[in-house]
Structure formats: structure tokens, C-alpha cells
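*Asks:* Attaching a single structure in C-alpha cells format; questions to follow.
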Amino acid sequence: MTSPLLGFAARAGRAAAVLLLVAVTALALPHLMPGSPAVAALGVTATPEQITAFEAGLGLDRNVLAATADWIGAALHGDLGHSLANGAAVTTELANRIPVTLELFVAAQLVALAIAVPVALVSAWRPGGAVDRIATAGAFGWLAVPGFVLGLLLIWLTAVQLRILPATGWTPFTEDPVENLRHLVLPALTLGLPEAAVFTRTLRGQLLDTLDRTHIAAARSRGMGTVRLLLRRALRPSSLPLVTLIGIGIGTSLGGSVLVESLFAVPGVGTLAAGAINGRDFPVIQAVMVVCAAGVVLATLTVDLLYRTLDPRIAHGHR
Amino acid sequence: MTTPVLDVRSLDTVIHAPDGRRLHILHDVSLHIDAGECLGVVGESGSGKSVLARTVLGVHARTTRAESTGQVLLNGEDLLAAAPARRADLLGTGIAMVHQDPMTSLNPVVRIADQVTESLTNRRRLPRRERLRTAAELLAAVDVPDPVRRARAYPHELSGGLRQRVGIAAALAGDPVLLLADEPTTALDVTVQRTVLDLLDRHRATRGLATLLITHDIGLLYGRARRIAVMYGGRVVESGPTEQVTERPAHPYTAALLRSVPRVTGPLRRVLPAIPGSPPDLSRPLTGCPFAPRCDRAEAVCATVAPPVHRAGPAHTASCHFPLAAEAPRPSQTSLERTP
Ligand SMILES: Nc1ncnc2c1ncn2[C@@H]1O[C@H](COP(=O)(O)OP(=O)(O)OP(=O)(O)O)[C@@H](O)[C@H]1O
Ligand code: SF4
Ligand SMILES: [Mg+2]
């Protein structure tokens, strides 16, 4: 059993190391990619002077480690460079887009949880019952459908057929909350529904395990009703794998966001990354990489903390 | 004559297992417990002791369905005929259960106070302060040291012995009239066993609790149970006052159980009695005596005709064609230590 402070220091150290590694890799990218980023950015008619100046701006004329050190120094002062595509400050770009992606991510998790928790509870309480059988078949069905097919289906149904929701585009929450939510529904469903299937399977499995424990029988022997038993006694000890899944989701969600954001023309980090990669906009790619890594690191730390609050045995170092 | 707290009459229980099998577990089980009395139920693994306790309580495994016929009378009220709401009402407050393994019978993520007071909080809301106070009182009543602090603790912070005290406190919280203790000390080491059994004894006496004490270990019942019911193959094969059953067993199975009683002084303290052969397969119907394949007194009739009830004393009965006579050589009594 290590002291909590030491454990925290170790985790913080690991987190810093991960971020540093990602930063170095990000800064090394222009060196590693074939072709000249300057030519890609300035066009084939660029003069040698222009190219030299451009490469100096990207730090390509220097050693990667030195460039990384400079980049980190500037980043700590809130300067992530400027986009090669439009000259805008990368920080401004990110500040506009991170909230959009975060909102989408949170909404998708809420959709997934709102479906998964009740379905898993009912399925696990009566395994093999009607709800369980339908949910199992449904989950495997959903999982077999690729995310973009689901998105297209949703667009076709709600936007084209029923005309109740906008198919694409975005309105910031601060501008018009109602419009914002209307634009949020389809991408959040497209991201959240397949996750609901995974969440349901995971939580159901864990609940089945928990419900067979003697302590559940003991609580029943003291007259605890089914609803209370499920919500107050079974759900919490069964929720750790779900927390892990959501934590991992923060890392992998960027991949999903690129697809879904592109499909619904949502101006989030995903579309920003996709555009930057296409245009070889290195300052933007680098910043997105490091920001995503920071997001994953932060998520991991949060999962860790959540574990501790959910299971006191972990907090006390018994597991 | 006063009404017993628990009066089980000709109870038959069939369990429909999740895999579709139909298991006739309990056969014509009759027993009764008066207020303040302890009845010991002893038998090998699989003899139906836990199914009996669960049937009396009315809570079976979540995924199994059980059907019972006969009568389970609690203070004269037939529970098998009672409405589900009435049965639910009695859980924890009329009938309480102490479970076998204190390591698994407490929820690891719920504070002791919240588990100990469940029989109360399942009925009405108790503010947090009230919960902690009540829990501390209950813990103090089962000799948990530092009860105020322990009430706030989580199960993993307590030793096995303390956890079983917590289990007993939780059972007593609803002030039940009947306590079902299903092997409450099997998972504990010998020295802790004694203190936990003493604790149960004390509460039985002071509260006038009718107690059903289930065990593998007949030696554990000396001086604790007034009467014993010996179960085999889902039947009560012998029952009577503890001294008579243990000193003058009439049923060959009881005699075999007594011969295999573990010695506290021996090098290996066996809890499972070693009788050659295995108990009957409950998924198949059975004619004759369930013990016949393993019995050294068995004759042809034993396999075909159900044994009659033999009266070995005023309140001492055994179901056997060829019961041991009272003056027959007794089991090696000198080796019987009062355990634990
Ligand atoms: N829920 C159930 N589903 C299927 N079979 C069951 C179930 N509960 C009990 N049984 C069977 O009923 C028989 C009696 O079980 P029970 O648990 O009552 O025995 P026991 O005397 O308590 O044994 P032990 O000393 O091992 O606790 C066993 O054969 C067991 O397999
Ligand atoms: S009835 Fe027969 S087989 Fe059964 S215990 Fe008696 S003697 Fe043994
Ligand atoms: Mg048992």
C-alpha cells in the first residue's frame, strides 16, 4: 500500500511523460512525412527564400527536441502557433471547437447511459426474460451497423422524411440553446446508440455477477424491494467497468467524432483535425494531437478518482 | 399448550432450477420452535438445510422458483398461504436470517450503518444521523468495540469475526421473533466461532428469540440447542432432545454422523463428516429409505418401503425400519467433546 500522495505524484509524473512524448512525436511529424510541408502549403511556385522562411517558422530548420522545447515554452504562454491554412491563432480555433466536441461527447454518453442503465437493470434482474432477449438481439444488431450508416438512416428518417430536425450544421449553445439542442440530437444519437449497446452488454454482465452475491440475498432477506435493491445495492458495485469504458471512450471518441462531425457538418475538433490533416496544416495537427493526449490523460485520472469513490476498497488500497 | 413461534408441518418443497430441472428437495418436513428455544438442524451438505431456511423465510435464489405445500406457521399464521405483501412485510422484522459467510454477505461498497439498519430503512426513511445512532446501538449490542466508528466503516475494514457480528446486528435490527442462522460460524476460525455462538445464545435468551441453528457439525449443538432435527435427503430422519439424540441415536444416519464428529483435539479438525457413499440425487424420485444405499443396517425392505416413524422416547422420533435400540452399543461417546 503506497501513500496517496506518492501515488498521486507517480501518476502526475506518468501523465507529464506521456504528454511530452506526444509533443515530441507531433513536432517530429513534418520531418517524418514525405514531401515538403512548405511546398504543400505555399504551392509549387514558391521561391526558395519563401520556403526557407516558412520552414524556419515551423521550426523545421532545427533539431526536433529544441523545436519541441520552444513549442512547449510558447504553449505554456498560451501560444500554439498559427494555422497555415488561414493564419488564425490555433488557440482561438481550439477554443471555438473543443466545447462543441465536448458537448457532443457528453450528450452521446448521456444517450448511451439513459438507454443502457435501465435496460441492463431489467435484463439482469430477469435474465432470459423478454426485455433481456430483445435487448440482446438489439445490441448485437446495433453493433453490426456501422456508425455512419446509422447516422445516414437517422438523417433520412428525421430530417428528410419527418422534417423535424436539421440534418446538418450547428448553432452554439450561447447563441440559441433550443437550436443548439436540435442540432445536437442526431449526431449525439449516432455516437451514443452504438455505445448504448456496448454499455448495456457490459453493465448487464457485471450486474449478473453482482446479483448472485450473497450480500444481495442478504439485503433481500431484510425486506429490500427490487427497485431499491437494484439502484442502491447492485448498480454501484457493478459500475466500474462502465466507468472504464467511458474513460477509454474519451480517448477513442476523436476517431468517432471525425466521422460523425463530418457527416453532420459539426464544427468540432474532429472536423478541425480532418481538415488540418488533409491540408497538412502542421501547427493545427500538432496542437490537436497534444490537446487530445491531454484529454486522455485527464480522463484516466478522472476514472481513477471515480474508482475510488465508487469502491472504498480501492481507496483503502485493499485491491 | 402455547403456540410455537415456528411450526412447520408436512412441508414439501420443489425447486424449479434455472436449467429447467424439477428438484423435489424437502419431503414431509415437520418441526417446531418455541419462543426462546434453539432448534439445531444438522445434516450433510445437500441435505436441504438451506432450502428449509429459505422456504421458511420465503426468499429463494433469484433465478429459481420454488413451490411448497404443507404449512409454515409463524405464531399460528400460515405463511405459505399468506399474500406476497404480507411475506415481504415479515422479512427482517418477523423472520431474520444470519448468513453463512460474513466475507460475502456484506455489500463491499455500502457503509456498515446502512446495511445494519436495512430492516428498518426498507420500511421507513431514517435520517442519516438517526441511522448512524441506531447502527452504533445495534453494534454495541453485539459487542463490536468502538461501535460509533465501526458504523461509518466499510466491511473490508473489519475482521471476519466482527463482520459476522455485524451480520447478527443486521438480523436483530428489525426485532424479529424468529432467527434463522444458516451455518453462521462455518467460515470463522474455532476461537471466533465460540464467541459468535455465545452471542447468538445470549440474544436468544434475553429476547426470547426462537432460533433455528443450522450446522454440519453436530458437536457444535451440545449445550446450545435444546432439540435437534437431523436431516438427510431433504427429510427430517430423526428429531428429539439434544441429549437423547446424541447419546441414544435411533437412526443409523445420526449414529454415523456422531461417529464422524470431528474432535477438537485431533490434528485435523474435520468439519465434513466422512460417511462412505454420497447423498441421494434429489432430481430423481425415490422409494424406500433415502439412506438405504449407505446404511449398514439396511435390508431388502429399506429400498422399497418408506420407513415408518419410530418413537424412541416421548419427544424423540426416527424414521427407520430397523432403528437402533436404546441399549445398543453407543457411538464412541467418550470422544465427543463439546465443540467448539
Ligand atoms: N436454487 C437452487 N437451484 C437448484 N438446486 C438447488 C437450489 N438450491 C438448492 N438446490 C439443491 O437442493 C439440495 C439441497 O441444498 P441445500 O443448499 O439446502 O443444502 P444444505 O443442506 O444447505 O447444504 P450445505 O450444507 O452445503 O449448505 C442440493 O442438492 C442443492 O443442489
Ligand atoms: S430404514 Fe433401513 S436403510 Fe433406512 S436408515 Fe433404517 S435401516 Fe437404514
Ligand atoms: Mg446450506
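No value in this document is a laboratory result; all are computed from the given coordinates. From a predicted model like this one, the values you see are computed outputs, not experimental measurements. Here the Cβ positions follow ideal geometry from the backbone for every residue, glycine too, while neighbour counts run over all protein chains shown.
*Asks:* Can you give the calculated 222 nm mean residue ellipticity of chain B, where each DSSP H run of n ≥ 4 adds -39,500 (n - 2.57) and the sum is split over every residue, rounded to the nearest 500 deg cm²/dmol? Mind dumping the intermediate values first?
*Replies:* Details: 11 runs with 95 residues, N = 340.
After summing the helix terms and dividing by the residues of chain B, the value is -8000 deg cm²/dmol.
*Asks:* Using Cβ contacts closer than 10 Å as the measure, can you line up B:228, A:248 from fewest to most? Each step should come with its number before you reach the end.
*Replies:* On the way: B:228 28, A:248 14.
In order of increasing Cβ crowding within 10 Å: A:248, B:228.
*Asks:* Viscosity 1.567 mPa s, temperature 4 °C: give me the Stokes-Einstein translational D for the stretch A:134-285 in µm²/s, with Rh taken as the Kirkwood radius over C-alpha pairs.
*Replies:* On the way: Rh = 18.2 Å.
My calculation gives 71 µm²/s for D.
*Asks:* When DSSP assigns beta bridges and you keep just the ones with both residues in the protein assembly as shown, what percent turn out antiparallel, to the nearest 5? Don't jump to the answer; show the numbers that get you there.
*Replies:* Working: 32 of 51 bridges.
Just about 65 percent of them are antiparallel.
*Asks:* Provide B:97, A:289, B:103 in ascending order of the number of other Cβ atoms located within 10 Å of each residue's Cβ, fewest first.
*Replies:* With the fewest neighbours first, B:97, A:289, B:103 line up as B:103, A:289, B:97.
*Asks:* Let me ask another. Between B:139, B:126, B:213, where does the largest GNM mean-square fluctuation fall for chain B, given springs only between Cα atoms within less than 10 Å?
*Replies:* B:126
*Asks:* One-quarter of the Cα convex hull surface for the stretch A:4-76, in nm²? The partial results should precede the final answer.
*Replies:* Working: hull surface 23.2 nm².
One quarter of the hull surface, i.e. the mean projection, equals 5.8 nm².
*Asks:* Can I ask one more? What number, rounded to the nearest 500 deg cm²/dmol, is the helix-based mean residue ellipticity at 222 nm of chain A, given -39500 (n - 2.57) per DSSP H run of at least four residues and division by all its residues?
*Replies:* Values: 14 runs with 232 residues, N = 319.
Per the formula, -24500 deg cm²/dmol.
*Asks:* Pick out, from A:149, A:287, A:245, the residue whose Cα sits farthest towards the positive end of the charge dipole of chain A, with +1 on the Cβ of Lys and Arg and -1 on the Cβ of Asp and Glu.
*Replies:* Checking the options against the dipole of chain A, the answer is A:245.
*Asks:* Could you tell me the ratio Rg/Rh of the protein assembly as shown? Both radii from Cα atoms, Rh via Kirkwood.
*Replies:* Details: Rg = 34.6 Å, Rh = 30.0 Å.
Radius of gyration relative to Kirkwood radius: 1.15.
*Asks:* Could you give the Stokes-Einstein D for the stretch B:11-107 in µm² per second, using the C-alpha Kirkwood radius, 37 °C, 0.692 mPa s? It would help to have the intermediate numbers written out before the result.
*Replies:* Details: Rh = 14.7 Å.
The Stokes-Einstein estimate is 223 µm²/s.
*Asks:* Moving to a separate point now. Which whole-number percentage describes the relative contact order of chain A, with Cα contacts under 8 Å and a sequence gap of 6 or more? Before the final figure, lay out the partial values.
*Replies:* Values: 341 pairs, mean separation 77.4, N = 319.
Value for chain A: 24 percent.
*Asks:* Here is a follow-up. Kirkwood Rh over alpha-carbon pairs of the stretch B:108-173, then Stokes-Einstein at 37 °C and 0.692 mPa s: what D in µm² s⁻¹, rounded to an integer? Provide the component values of the computation, followed by the final result.
*Replies:* On the way: Rh = 11.3 Å.
In µm²/s, the coefficient rounds to 291.
*Asks:* With N set to the residue count of chain A, report its C-alpha Rg divided by 2.2 N^0.38 Å to two decimal places. Let's see the in-between values first.
*Replies:* Values: Rg = 23.8 Å, N = 319, 2.2 N^0.38 = 19.7 Å.
Dividing the Cα Rg of chain A by 2.2 N^0.38 Å gives 1.21.
*Asks:* Which residue, A:246, A:134, A:155, has the most motion in a Gaussian network model of chain A that connects Cα atoms within less than 10 Å?
*Replies:* Highest fluctuation among the options: A:134.
*Asks:* Between residue B:71 and residue A:274, what is the label-to-label distance in nm when each label sits 7 Å out along the Cα-to-Cβ direction?
*Replies:* About 7.6 nm separates the two model spin labels.
*Asks:* What distance in nm lies between label points placed 7 Å from Cα along the C-beta direction at residue B:260 and residue A:74?
*Replies:* The two pseudo-label positions are separated by 8.2 nm.
*Asks:* Still on this structure, please answer the following. Scan chain B and hand back the longest stretch that contains none of the GluC sites (Glu not before Pro) lying in DSSP loops with at most 11 other Cβ atoms within 10 Å.
*Replies:* B:1-298
*Asks:* Apply the Karplus curve 6.51 cos²θ - 1.76 cosθ + 1.60, θ = phi - 60°, to the phi angles in the stretch B:182-189 and return the couplings in whole Hz, x for Gly and Pro.
*Replies:* 8, 6, x, 10, 4, 8, 9, 7
*Asks:* Let me ask you something else. So, in nm, how far is label residue A:9 from label residue B:82 when the simple model puts each one 7 Å beyond its Cα toward the Cβ?
*Replies:* Rounded to a tenth, the inter-label distance reads 6.1 nm.
*Asks:* Ok, one more. Assigning unit charges at the beta carbon (Lys, Arg +1; Asp, Glu -1) and nothing else, what dipole magnitude in debye, to the nearest 20, does chain A show about its Cα centre?
*Replies:* 2000
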